[in-house]
Amino acid sequence: MTEKNENDPQCQKDSAEFSRREFIGWSAALGLGARSGGRYSPLRRPNTGSETDNVQPSATAQADDLTQAETFTVDDLHIESYPVVDVRAWGATGDGETDDAAAIQAAVENIDDNGVLYFGPGTYRLGHTVTVDVDSVHRVVGENAYIVLDDDRVAFEIVGDSTDGSAPPNARGQNLYRTQVQPIVTGLQFYSDRGIREPYVGTALQIKNVFGLQVVACGFHNLDTGIEFVDTSRNVLVRNNHFHDNQHYGIHWNGCNLHQTVVADNFMGYSKILLFADAAELYNVHIANNDLEGGIAEKDGIRNILLADVTEGGTVASWKIVGNTIEDHHGATDALVRFRNGRMPQSGGELAAVRFVDVVDNTIGNSGAIGVALENVSGFRIDDNAFYRSTDAAIVARQHLEDVSISDNRITGYYLDTVYGKGVEITSTQIRGLTVADNVFGQLSGRPLSIRNPVGPLPFWVSDLAWENIQITDNLVRLKTPYELNLDWLDDYRLSGYAIDVVNRTGSVSGLRVSGNQLRMREYAEHGLRISAAFTEGTVVSENVVTGDVPGDAYNLPDGQGVVIATNVPSRHKSS
């Protein structure tokens, strides 16, 4: 028997690779769910090359045994081995001073099939990008490992072959090939180290053509960008990560094509734009249960927390933004959440490039500008949110609006003994289905609800500037301060104009219902409710209540055929 030399590179390589039974302990600790024999194995440290008595078979030998069958079932995923390669066995030092990029790349290239790239405790400095092909590397796992960039480059480029369709060819049906399915990046801390004055450089992960990727329990700090998606990917999960103080973007969907994405349970704070969908084709996106916090980054400050911009191309469809706290520190220069689409849908049934989006059950506020803004959207729902202290307006909607619901929100401008902002401000030339219902507006310094057509008089042959099927029902407007505050300075405060103002002097309004709204005015508003249009058809104004000492008009409502006005309190009104 030939004696092994512990200084031999092959021996070091082999000793750093061990069976999946040893690796599943890490998976259990990281919450990845790997199992063996129905129970989780304990956490064990890998052999880094110094212990030669228990040298394990090489990755190549293990791969040869595993590739006898070309496919295997889902159950087989839990019993096969994953060869694990420690980057230190290939020369990485983790000392924070040495450039470890070449050694890490060598480790990647020597993982033969479906292996795990392992980073032990340490600080790994990268002088160039490491490319990780998920055809061979199934997991990238760190154990209190720091990845450091000192220049404007990508740390890890995660690449695959998922360039077309809903999944790569090796993930069809009930049988799965071993490679390119559900790769995982976990347990790594990425940051830039370029000095105190210029710390924001580099991108931690660039994702390209990958199916089923999970990025779990990682940190992204003091970079230019945390994660960037390019090209085509599918079925991506980004969860339980910490994004903090990255100069431009936390997550950047950069002109990519990506379906099925979940961004959940992360803390994301202090970037110019935390989540940026940039001319990308993004379908079925869930952004759920995150703490999304704006702040003033060292250079440019915050613009948006979430920006979906399809003006220059792309599509945003079937999004759910649910259960997040979305908060600024009163420094945002634009809307905290903005869906920007400069492409108005053409006649003939063309779909809007922003469609079927739900913004539901979030807390949104403390904004230096606007809470939520949308432009040229269809099937958009803003329901059950709590808005507070937006210095401009809580919700702003522009241009073409189709099947939009703004309901069951609590919108207040009161914060720290101060009254701020407006409620819902809609400026639109085309409305095809709008519901504003069951909202509570309170302590605002601007108009609670305004719907206007901004366009001046047009030739008679222009017929598109019409509003159809609008409901404004059961909203509560409380234009007064809480009794217990007794703020004397508000005695002189009065909101000019109408508390609820619906004005389309250029076009027609048909199918309008305004009913069940309650305006508790006291002395803090000049007028109550106004409806005014060049032509009004099929309009019902009923059972609204204006209370308090209103110095101006309680109502300014239209007369004419096709208009029903009934049982409003007070009953008198001024005709428009």
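In table form, for the structure just shown:
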{"quantity": "Residues being closer than 22 Å to GLY323 by Cα, modelled with pLDDT of 90 or more and not in a strand (DSSP E or B) - total across segment 408-428", "calculated": "2"}
{"quantity": "Count of segment 502-552 residues which are over 19 Å from SER450 (Cβ atoms) and of a type in the set (Val, Ile, Thr)", "calculated": "3"}
{"quantity": "Qualifying residues in segment 310-330 (those that are more than 25 Å from SER367 (Cβ to Cβ) and not small (Gly, Ala, Ser)) - the one farthest from the chain's Cα centre (by Cα)", "calculated": "GLU312"}
{"quantity": "Strands (runs of 3 or more DSSP E) contained in segment 368-407 and holding at least 2 residues basic (Lys, Arg)", "calculated": "none"}
{"quantity": "Residues that are part of a strand (DSSP E or B), modelled with pLDDT of 70 or more and under 19 Å from VAL550 (Cα atoms), drawn from segment 488-523", "calculated": "SER496, GLY497, TYR498, ALA499, ILE500, ASP501, VAL502, GLN518, LEU519, ARG520"}
{"quantity": "Members of segment 344-363 found to be out of contact with any Lys or Arg (no Cβ under 6 Å at 6 or more places or on another chain) and either basic (Lys, Arg) or modelled with pLDDT of 95 or more (or both), listed by number", "calculated": "VAL354, ARG355, PHE356, VAL357, VAL359, VAL360, ASP361, ASN362, THR363"}
{"quantity": "Selection status of THR539, without any contact (Cβ under 8 Å) to a residue 40 or more places away in the chain and loosely packed, with under 15 Cβ neighbours inside 10 Å", "calculated": "no"}
{"quantity": "Among (1) small (Gly, Ala, Ser); (2) in contact with a Lys or Arg (Cβ under 9 Å, 6 or more places away or on another chain); (3) at pLDDT 95 or above, the one test that SER233 misses", "calculated": "(3)"}
{"quantity": "Filter result for ASP334 (over 18 Å from the mean Cα position of the chain (by Cα) and of a type in the set (Asp, Glu))", "calculated": "no"}
{"quantity": "Any hit, segment 552-560, residues being of a type in the set (Asp, Glu), crowded, with 16+ Cβ neighbours inside 10 Å and part of a strand (DSSP E or B)", "calculated": "no"}
{"quantity": "Single residue of segment 331-343 satisfying the filter (closer than 9 Å to SER367 by Cα and either in contact with a Ser or Thr (Cβ under 7 Å, 6 or more places away or on another chain) or outside any loop (DSSP other than H, G, I, E, B) (or both)) that is modelled with the highest pLDDT", "calculated": "LEU336"}
{"quantity": "Considering residues of segment 307-330 that are in a loop (DSSP other than H, G, I, E, B) and touching a residue at least 40 places away in the same chain (Cβ under 8 Å) only, the residue nearest to ASP383 (Cα to Cα)", "calculated": "ASP328"}
{"quantity": "Any hit, segment 538-546, residues being acidic (Asp, Glu) and over 44 Å from the mean Cα position of the chain (by Cα)", "calculated": "no"}
{"quantity": "Selected residue (criterion: surrounded by the fewest Cβ atoms within 10 Å (Cβ to Cβ)) from residues of segment 318-339 that are of a type in the set (S, T, N, Q) and touching a strand residue (DSSP E or B) at 6+ places or on another chain (Cβ under 7 Å)", "calculated": "THR325"}
{"quantity": "Leading residue by the ranking (nearest to ILE104 (Cα to Cα)) among those in segment 129-138 that are assigned to a strand (DSSP E or B) and modelled with pLDDT of 90 or more", "calculated": "VAL130"}
{"quantity": "Flag for SER405 being under 23 Å from the mean Cα position of the chain (by Cα), surrounded by fewer than 21 Cβ atoms within 10 Å (Cβ to Cβ) and small (Gly, Ala, Ser)", "calculated": "yes"}
{"quantity": "Filtered residue count, segment 540-576, keeping only those that are closer than 10 Å to ARG530 by Cα and at pLDDT 95 or above", "calculated": "0"}
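The values are calculated or read from the model by the stated rules, or taken from the named source; none is laboratory data. Given the structure is predicted, the values throughout are model-derived calculations rather than measurements. We place every Cβ from the backbone using ideal geometry, glycine too, and count neighbours over all the protein chains shown.
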